[in-house]
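Shown next, in structure tokens, is the structure this report addresses.
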Amino acid sequence: MSDLGISKLIANNPSLEFATKSQPMEEAQGGFADMLANSIEGVNTLLQTADAKETALVTGKSENLHDAMIAVEKADTAMKMMIQFRNKAIDAYQEVLRMPL
């Protein structure tokens with residue numbers, strides 16, 4: 001049975017890299033904003049990679065359909081996760097607004 005450690009998962013999905021970084025408390029002041037920016041950048045990179053592979057496939061520069069489809073699915077999954085994160089953040093913000101003072 002093969003052991004899929006966290007390092008192998010992170011190596012295969014760079015957008016998960018932010019989840020394993022630990023910072024000292026003095027550096028953590030901008031931690032959430034930095035984590036969010038890194039996540040958005042990771043999703044953007046996945047979308048650009050998928051677009052490049054699709055373009056290469058359509059123009060005939062590449063015949064590797066599997067890599068193109070995998071890149072598209074990774075980008076789609078990352079985008080769906082980012083949208084769900086946004087929805088949860090908005091729900092939490094609205095819940096805080098409903099709290100009585």
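Checking the structure you have, find out if any residue of segment 33-47 is more than 13 Å from the chain's Cα centre (by Cα) and modelled with pLDDT of 65 or more.
yes
Out of the residues in segment 68-101 that are of a type in the set (D, E) and farther than 15 Å from T45 by Cα, state the one that is nearest to the chain's Cα centre (by Cα).
Within segment 68-101, the match that is nearest to the chain's Cα centre (by Cα) is D91.
From the set of residues in segment 50-101 that are surrounded by 14 or more Cβ atoms within 10 Å (Cβ to Cβ) and polar (S, T, N, Q), which is nearest to A33 (Cα to Cα)?
That would be T77.
The values are calculated or read from the model by the stated rules, or taken from the named source; none is laboratory data. Not measured: the values here are computed from a predicted model. Ideal geometry is used to build each Cβ from the backbone, glycine not excepted, and the neighbour counts take in all protein chains shown.
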